[in-house]
Amino acid sequence: MTALHTLALIAGVASACDILPRPGDTQGVQQAGRWEQHGRISVRPDPRYTLVRLEVDTNVVERHDVVLARFDFNPSEAEGDEYSLTVALDLGDARRLSANHPYSLGDSIPAYATVTCLCRPLRPDSVRGSYVMQTRGSRQLAGRVDATLYFTAWNDSTRHATYRLRQRIHGVRP
């Protein structure tokens with residue numbers, strides 16, 4: 001096999017796995033990704049501390065797939081503009097999702113998000129966009145999310161913030 005054939009084979013495999021970022025992708029680093037096959041998303045506001053807790057409740061008997069992932073942005077030292085987005089996707093039965101088909105977040109797939117930053121405390125409003133499942137194995141679920149996350153200030157309902165998340169997302173079963 002020539003070097004040109006080898007490079008073409010590597011390029012084909014890499015594009016099928018969607019490892020490399022696409023033009024316009026956000027620059028978040030996924031630090032955590034959990035996939036549960038028998039779970040529900042728990043969204044609990046705690047107004048004392050102006051935060052919302054996103055958790056996975058695993059006390060579910062039937063098949064119900066959920067993904068909880070955290071992305072860190074600008075994770076360098078001493079800049080002060082760092083933030084983290086935590087996203088929860090309620091996929092239902094992921095076996096029923098078609099690969100490479102965009103599903104609407106908020107409509108077809110319930111989605112929730114929180115933001116952690118050195119900014120005014122924000123409470124989640126909604127998540128709008130799409131999710132495309134690419135692969136589903138026995139231990140990992142991978143896809144792409146292209147979403148806008150909407151938030152409102154805890155103490156001023158007229159102040160809003162939005163964050164973009166457009167990149168690969170994966171969840172691993174524990």
Quickly work out the H101-to-Q140 label distance, labels modelled 7 Å from Cα along the C-beta direction, and quote it in nm with one decimal.
2.4
Given the -39500 (n - 2.57) contribution per DSSP H run of 4+ residues, what per-residue ellipticity at 222 nm results for the chain, rounded to the nearest 500 deg cm²/dmol?
-3000 deg cm²/dmol
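How much net charge surrounds R128 when only the other residues with a Cβ under 13 Å from the Cβ of R128 are counted, with Lys and Arg +1 and Asp and Glu -1?
Details: positive: R164, R166; negative: D107, D125, D146.
Around R128, the surrounding residues sum to -1.
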Suppose we flag trypsin sites (Lys or Arg not before Pro) only when DSSP calls them loop and at most 11 other Cβ atoms lie within 10 Å. Which is the longest uninterrupted stretch of the chain?
49-138
Given GluC sites (Glu not before Pro), DSSP loops and at most 12 other Cβ atoms within 10 Å, the longest exposed-site-free stretch of the chain is 80-174
Which residue, G137, G129, G106, has the most motion in a Gaussian network model of the chain that connects Cα atoms within less than 10 Å?
G137
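Per residue and in cubic angstrom, what volume does the convex hull of the Cα atoms of the chain have?
Details: hull volume 26.4 nm³, N = 174.
With only Cα atoms used, the chain gives 152 Å³ per residue.
Below 10 angstrom from the Cβ of V67, what's the summed charge of the other residues (Lys, Arg +1; Asp, Glu -1)?
-2
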Positive end of the dipole of region 23-172, charges at C-beta (+1 Lys, Arg; -1 Asp, Glu), about the Cα centre: which of A32, V61, A88 has its Cα farthest in that direction?
V61
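Please compute the contact order of region 23-172 in relative form: average sequence separation of alpha-carbon pairs under 8 Å and at least six residues apart, divided by the residue count, as a percent. List each step's numbers first, then the result.
Values: 380 pairs, mean separation 33.0, N = 150.
Normalised by residue count, the contact order of region 23-172 is 22 percent.
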Sequence-distant residues sharing a close amide H with G106 (under 5 Å, placed H):
A111
In whole angstrom, note down how far apart the Cα centers of region 121-157 and region 38-97 are.
9
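No lab work stands behind these numbers, since they all come straight from the coordinates. Fair warning: this is a prediction, and the values are worked out from it, not measured in the lab. Virtual Cβ from ideal backbone geometry, glycine too; neighbours counted across all protein chains shown.
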